[in-house]
Amino acid sequence: MSEVKLTVQTRTEFGKGAARRIRRANQVPGVLYGHGSDPIHLTLPGHDLLLALRTPNVLISLDIDGKTSELAIPKAVQRDPLKGFLEHVDLQLVQRGEKVNVEIPVHTEGELAPGGNLLEHVLNALPVEAEATHIPESVSVSVEGLEAGASILAKDITLPKGTTLAVEGDTVVLQVLAAQAEEPAAEGAEGDEAAEA
């Protein structure tokens with residue numbers, strides 16, 4: 001797992017006006033919390049943060065005011081619903097060797113059995129517990145040859161070493177649904193209604 005270094009500043013101004021000024025300067029307001037310490041309000045570099053967040057559960061090394069260095073993972077990211085730019089980020093403080101609960105993306109490989117079946121992702125991301133500095137980027141699951149009615153449970157997925165499930169093993173992650181044939185429009189029903197009128 002890659003570690004991204006960001007130089008950040010603590011912030012003392014709060015509220016909508018302060019947040020707008022921060023965003024106009026191509027920066028993002030954020031908060032760092034965890035380990036029972038008081039939250040630290042930060043200003044993060046917008047472009048660098050955006051690039052870092054392309055990796056799910058990225059480990060971020062924060063250089064705070066050039067004085068202290070902390071490790072964090074993103075916990076909540078708020079984006080503008082129309083333009084997509086970052087509005088705010090919540091970061092969770094982590095330590096090397098510490099176990100954290102995160103969700104990792106589930107990728108599928110292979111083709112379903114012939115017949116137009118559909119694959120439903122019941123969970124797009126799998127809740128797991130992993131060491132903060134070794135969070136897997138994703139897990140891959142083979143769906144080769146699966147037929148309608150088949151499902152893949154959380155316990156069926158092979159996890160990387162040092163990673164454990166943070167959800168019940170019997171939780172359905174993927175399931176194969178039979179293709180639904182479109183029903184012809186019920187013309188007789190319309191005629192019956194007309195006759196009754």
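The values are calculated or read from the model by the stated rules, or taken from the named source; none is laboratory data. Source: prediction; values computed, not measured. Cβ sites come from the backbone with ideal geometry, for glycine too, and all protein chains shown count toward neighbours. Heavy atoms of the whole protein, side chains included, go into the accessibility calculation; ligands, DNA and RNA do not. Shrake-Rupley method; radii C 1.70, N 1.55, O 1.52, S 1.80 Å.
Miscellaneous remarks
- Accessible surface, region 21-122, averaged per residue in Å² (probe 1.4 Å): 56 Å²
- Segment THR68..THR12, full-extension length gain: 18.4 nm, with 0.36 nm per residue of separation and the alpha-carbon distance subtracted.
- Share of carbon and sulfur in the accessible heavy-atom surface of the chain [1.4 Å probe, %]: 48 percent
- Ratio of the Cα radius of gyration of region 68-172 to 2.2 N^0.38 Å, where N counts its residues: 1.32
- In the elastic network of the chain, a GNM with C-alpha springs shorter than 10 Å, the most mobile of ALA179, ALA166, ALA72 is ALA179.
- Lysines with Cα under 25 Å of LYS5, excluding same-chain neighbours fewer than 8 positions away: LYS67, LYS75, LYS99
- The chain - mean residue ellipticity at 222 nm from DSSP helices (-39,500 (n - 2.57) per run, n ≥ 4, rounded to 500): -3500 deg cm²/dmol
- Approximating the spin labels as points 7 Å out from Cα along Cα→Cβ, the ASP90-to-GLN180 distance works out to 3.5 nm.
- Rg/Rh for the chain stands at 1.17; both radii use Cα atoms, and Rh follows the Kirkwood definition.
- Calculated FRET efficiency, GLU131 to SER151, Cβ-Cβ distance, R0 = 30 Å: about 0.55 to the nearest 0.05.
- The relative contact order of the chain, computed from alpha carbon pairs under 8 Å that lie at least 6 residues apart in sequence, is 17 percent.
- The packing ranking of peptides 80-86, 123-129, 97-103, highest mean first, is 123-129, 97-103, 80-86, where packing means the average number of other beta carbon atoms within 10 angstrom of each residue.
- When the trypsin sites (Lys or Arg not before Pro) in region 1-72 are filtered for DSSP coil states and for at most 13 other beta-carbon atoms within 10 Å of their beta-carbon, the remaining sites are ARG54, LYS67.
- Comparing mean-square fluctuations of GLY162, GLY66, GLY34 from a GNM of the chain with C-alpha springs under 10 Å, the top value falls on GLY66.
- Between ARG79 and VAL167, the modelled label-to-label distance comes to 2.1 nm, taking each label 7 Å out from Cα in the direction of the beta carbon.
- With the alpha-carbon atoms of region 36-113 aligned to their principal axes, the span from lowest to highest coordinate is 57, 37, 20 Å, starting with the largest.
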